[in-house]
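See below for the structure under consideration.
The values are calculated or read from the model by the stated rules, or taken from the named source; none is laboratory data. Bear in mind the structure is a predicted one, so any value in this text is a computation, not a measurement. We place every Cβ from the backbone using ideal geometry, glycine too, and count neighbours over all the protein chains shown. The area values use the complete protein model at the heavy-atom level, side chains included, leaving out ligands, DNA and RNA. Shrake-Rupley method; radii C 1.70, N 1.55, O 1.52, S 1.80 Å.
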Amino acid sequence: MSVPEKKPAEQPAAAENDSQVPAGATGVLTIDLDALAANWRKLEKTAVPAECAGVIKADAYGCGIPPVARTLAAAGCKTFFVATLSEAKAARAALPDSAALYVLDGFFQNTGDDYAAINCRPVIGDLNELAEWDMFCRRTGWKGGAAIHVDTGMNRLGLTALDAQGMIPRIQSGDHGITLVMSHLASAEQVNSPANARQLGLFREVASAFTGVPAALAASSGIFLGASFQFDLVRPGAALYGINPTPEADNPMQPVAEIRARIVQLRDLARGDTVGYGGTWTARRPTRIAILSAGYADGYFRAASSNDGTRGADVIIAGQRCPVAGRVSMDLIAIDVTDLPPKAVRRGHFATLLGEGITVDELAHHFGTIGYEVLTNLGRRYHRIYKGGAAVAES
């Protein structure tokens with residue numbers, strides 16, 4: 001039978017001397033803005049002479065649009081992409097007026113005034129959208145510009161190649177209002193995928209017909225396919241935040257996000273005791289368990305759980321890897337800390353869930369997903385700390 005740990009020495013610690021963490025914070029998300037800026041500069045250098053934009057949709061992949069936008073702008077980024085108008089409003093408030101800002105999810109009727117009010121540009125992927133945008137521009141005289149998205153094989157958003165060819169007379173007329181023509185690779189992370197060459201060939205034909213209009217095909221992984229994929233502008237997203245854009249090779253990017261969760265209790269188990277919902281994990285020896293104040297409500301997926309036949313994810317406590325014990329629940333995770341020295345782990349100290357060698361791609365593997373989903377599901381309950389960068393902020 002398990003009993004709660006009651007040793008007097010197990011008193012709350014000062015959050016490992018981290019003065020920025022409130023005493024009541026149960027979890028901490030730290031965003032390294034210097035690493036973010038360094039990642040952008042590396043991608044910019046890789047893509048020279050193409051311009052390097054920054055994708056800050058989904059709240060900058062969970063890292064916060066305002067501080068990320070300011071940091072990238074200070075590093076030299078001049079073009080930004082978001083998914084929605086609401087994201088564009090948050091981005092514009094943090095960006096210089098001169099920054100170009102594109103909205104990827106397209107143009108909806110009666111939203112033209114919203115675009116004009118914040119000086120942002122729709123990415124148009126449908127002839128109906130284009131007609132509605134043109135109508136707004138004729139009515140108001142707005143000259144802010146728009147991007148044209150051409151589908152070259154993703155079969156998601158975008159004009160067909162035939163539709164794009166139909167725009168050639170408009171492009172040749174000169175006063176067309178198109179500031180970018182773009183497409184999106186479906187298999188860029190697979191270096192040898194034949195789909196890459198097919199999409200490149202089709203996009204090259206379209207881009208050559210859009211005389212004088214800058215072209216963009218490559219996102220994070222596409223940048224590393226070589227100069228032929230880079231055109232005039234590249235638009236990295238995931239790589240900025242430390243996700244590996246070259247999964248078939250070592251990660252060239254620096255980690256940006258770190259997650260820590262506080263240890264709220266220590267428990268001693270007898271051999272044969274089980275842990276968590278369903279009792280799926282059984283102690284095979286006298287065992288010490290640390291209970292962490294995070295769970296799937298904080299973006300730590302239930303798929304990272306362990307059972308008697310399968311090891312789950314690890315966390316870092318006192319500099320050592322320790323495995324998850326049992327099922328991850330909504331607000332709590334049990335960790336086997338039996339192999340740590342008795343005084344190495346204390347109630348009130350923090351365990352590292354992401355960081356200290358545990359990468360976002362490793363977590364994604366345990367979660368059964370991709371790094372994009374890990375970052376965009378970072379819970380709002382974490383106390384956030386921003387370090388470095390153009391503007392240090394906390395929330």
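Summary of computed values
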| quantity | calculated |
| --- | --- |
| Meets criteria (of a type in the set (Phe, Trp, Tyr) and either under 30 Å from PRO245 (Cα atoms) or touching a Cys at 6+ places or on another chain (Cβ under 6 Å) (or both)) for TYR277 | no |
| Residues of the stretch 234-259 satisfying the condition of being hydrophobic (A, V, I, L, M, F, W, C), part of a loop (DSSP other than H, G, I, E, B), open to solvent by 10 Å² or more (accessible area, probe 1.4 Å) and at pLDDT 95 or above | MET253 |
| Residue that is modelled with the highest pLDDT [pool: residues in the stretch 377-395 that are part of a strand (DSSP E or B) and open to solvent by 70 Å² or more (accessible area, probe 1.4 Å)] | LYS387 |
| Every residue from the stretch 260-275 that is touching a residue at least 60 places away in the same chain (Cβ under 8 Å) and either polar (S, T, N, Q) or in a strand (DSSP E or B) (or both) | ARG260, ALA261, ARG262, ILE263, VAL264, GLN265, LEU266, ARG267, ASP268, LEU269 |
| Among the candidates ILE316, ILE291, residue that is touching a residue at least 24 places away in the same chain (Cβ under 8 Å), touching a Leu at 6+ places or on another chain (Cβ under 6 Å), closer than 20 Å to THR26 by Cβ and not in a helix (DSSP H, G or I) | ILE291 |
| Residue that is farthest from LYS143 (Cα to Cα), among those in the stretch 168-199 that are hydrophobic (A, V, I, L, M, F, W, C) and surrounded by fewer than 21 Cβ atoms within 10 Å (Cβ to Cβ) | VAL191 |
| Some residue of the stretch 16-23 being of a type in the set (A, V, I, L, M, F, W, C), closer than 23 Å to ALA261 by Cβ, open to solvent by 10 Å² or more (accessible area, probe 1.4 Å) and modelled with pLDDT of 95 or more | no |
| Matching residues, the stretch 330-376, being part of a loop (DSSP other than H, G, I, E, B), closer than 24 Å to TYR277 by Cβ and open to solvent by 20 Å² or more (accessible area, probe 1.4 Å) | MET330, ASP331, LEU332, THR338, ARG347, GLY368, THR369 |
| Some residue of the stretch 145-154 being in contact with a strand residue (DSSP E or B) (Cβ under 7 Å, 6 or more places away or on another chain), at pLDDT below 95 and crowded, with 22+ Cβ neighbours inside 10 Å | no |
| The stretch 35-94: number of residues that are hydrophobic (A, V, I, L, M, F, W, C), assigned to a helix (DSSP H, G or I) and within 23 Å of GLY112 (Cα to Cα) | 8 |
| Of all residues in the stretch 288-325 being of a type in the set (S, T, N, Q) and surrounded by fewer than 22 Cβ atoms within 10 Å (Cβ to Cβ), the one that is farthest from PHE367 (Cα to Cα) | GLN320 |
| Every residue from the stretch 200-221 that is assigned to a helix (DSSP H, G or I), of a type in the set (Gly, Ala, Ser) and exposed (fewer than 15 other Cβ atoms within 10 Å of the Cβ) | GLY201, SER208 |
| In the stretch 95-107, the residues that are surrounded by 14 or more Cβ atoms within 10 Å (Cβ to Cβ) and part of a loop (DSSP other than H, G, I, E, B) | LEU95, ALA99, LEU104, ASP105, GLY106, PHE107 |
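Okay, residues lined up against (1) polar (S, T, N, Q); (2) open to solvent by less than 20 Å² (accessible area, probe 1.4 Å); (3) at positive phi; (4) out of contact with any His (no Cβ under 6 Å at 6 or more places or on another chain):
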position: ASP32; (1), (2), (3), (4): no, no, no, yes
position: ALA37; (1), (2), (3), (4): no, yes, no, yes
position: THR46; (1), (2), (3), (4): yes, no, no, yes
position: CYS52; (1), (2), (3), (4): no, yes, no, yes
position: ALA58; (1), (2), (3), (4): no, no, yes, yes
position: VAL68; (1), (2), (3), (4): no, yes, no, yes
position: THR71; (1), (2), (3), (4): yes, yes, no, yes
position: ALA74; (1), (2), (3), (4): no, no, no, yes
position: VAL82; (1), (2), (3), (4): no, yes, no, yes
